[in-house]
Amino acid sequence: MKDSRGLDVTSNDAAAVAAADDFAARLLRLDQGVEAILDAAKRWPDTPIVQLYAAAFWLYGQTDGALENAAAHLRAGDALAMNARERALHRALTLWHGNDNLRAVEALEAITTGWPSDLLTAKIAEFLYYVLGQQYMGPRFRAHVRRLEGAHAGDPDFLAMAAFASELCGDYVAAEAVAERALGIEPRNPWAQHALSHVLIRQGRVRDGLARLEAFLPLLATCGRPIHCHDAWHLALLHLEELDVAAHLGHHPGLRGRATRRHRVALAHRDGRWPHGRGMACDRRAYCPAGGRDVHAVHERALRLCARARRPG
């Protein structure tokens, strides 16, 4: 059978393939409901693409428990007959599971070279570019998406990725234009909004950034919790740029635990106070249970902003 993107999958069960398609669409959009793939893996244990997608879900978790769960799905895949693309994805995910991230990226890039329609594999690679250092890997990420442009030029999820790749390379004009195009096609596109907010922050267009993210909040609340938290944190940082601490703290919905405490430490430091003691290490899971993003970068930026706020004038 073929999936919704015309890629061959090893299955004769249309419902199983539909479950895999649903996971891919939700992950690409950073939508709620990606965890449904776990029930699908129980229902169709002999469908390779379902097992592989369940493994990918857990790999985003980046915790010992999540890695153990991912390993179980990868082991289940070992015994299944797979086509060439599925077997290549199994290898790439196994490398990721083993923290061999550069080789995992190489394997993912090879998949999209052979099967350009496989946008989900490019999305997985995007996360590993982040793991490897997103600024350093920015040019490689951008080269990857440019290679796929012919197959996905009108896809808003692809355009959101392309916009972020351009932003990481400092091409803010292109990043903004592509992010706006993605949002024009699909307004409920949190990753395009994320790329746009990066551009506006980088360019110092704080008021524009506040207006756009505030307007996007109702849609953002319907998206997956990780991106809801992350984009809300961007909004909080824009308020911090304006030294509006009350609004800053008000835009941390659901962000509790060590990650938020550490951010509050940065705000305390703004007033010359620096609490000491244990327990202030940043726990990604407190920020984003299904795969923390950019906690350290946000913290460092908060400290820079706080330092700037203490300077006279």
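Please tell me if E242 is at pLDDT below 90, out of contact with any Gly (no Cβ under 8 Å at 6 or more places or on another chain) and farther than 18 Å from A163 by Cα.
Yes, satisfied.
Counting only residues that are assigned to a loop (DSSP other than H, G, I, E, B) and of a type in the set (G, A, S), which one in segment 42-92 is nearest to R103 (Cα to Cα)?
Here the residue is G61.
If only one of L168, L120, L159, L148 is under 30 Å from H90 (Cβ atoms), crowded, with 16+ Cβ neighbours inside 10 Å, modelled with pLDDT of 95 or more and touching a Ser or Thr at 6+ places or on another chain (Cβ under 8 Å), which one is it?
Step by step, each of L168, L120, L159, L148 is checked, and only L148 is under 30 Å from H90 (Cβ atoms), crowded, with 16+ Cβ neighbours inside 10 Å, modelled with pLDDT of 95 or more and touching a Ser or Thr at 6+ places or on another chain (Cβ under 8 Å).
Filter segment 93-121 for residues that are in a helix (DSSP H, G or I) and among the small types (G, A, S); which is farthest from the chain's Cα centre (by Cα)?
Within segment 93-121, the match that is farthest from the chain's Cα centre (by Cα) is G114.
The values are calculated or read from the model by the stated rules, or taken from the named source; none is laboratory data. Quick caveat, the model's predicted, so the values are computed rather than measured. Backbone-built Cβ (ideal geometry, glycine too); neighbour counts: all protein chains shown.
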